[in-house]
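Notes follow once the structure below has been shown.
The values are calculated or read from the model by the stated rules, or taken from the named source; none is laboratory data. Bear in mind the structure is a predicted one, so any value in this text is a computation, not a measurement. Cβ atoms come from the backbone with ideal geometry, glycine included; neighbour counts cover every protein chain shown. Side chains included, ligands, DNA and RNA excluded: accessible areas come from the protein's heavy atoms. Shrake-Rupley method; radii C 1.70, N 1.55, O 1.52, S 1.80 Å.
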Amino acid sequence: MPVPRLEITYCTQCRWLLRAGWTAQELLTTFPGDLGEVALVPGTGGVFQVRLDDEMLWDRAAEGGFPELSRLKQLVRDRVAPERGLGHSDRRRPS
């Protein structure tokens, strides 16, 4: 079974490399055996997108901001390891 490729496209003009790198590090730490690759892809124009294979998980322009890490972990988990709990990242905030 092929392992998924996660891709984070970030804006170099906005200097979001550190944010993209931190996000990649957190996802690799949480899913060490479930992701085959995490790629950082330089972009421009305020882009910050997270894709898993061909599926867009997060698009800063469409969502109106950056993802909370716990939400992003849930999105990745639901696709690569749906049976896994995420501890405190699974807790829902009160409405």
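Here are some notes:
- Within region 30-66, being modelled with pLDDT of 95 or more, open to solvent by 60 Å² or more (accessible area, probe 1.4 Å) and not in a strand (DSSP E or B) holds for T44, G45, D53, R60, A61, A62, E63, G64, F66.
- L69 vs. criteria open to solvent by 20 Å² or more (accessible area, probe 1.4 Å), on the phi < 0 side of the Ramachandran plot and free of Cβ contacts under 8 Å to residues at least 40 places away in the same chain: no
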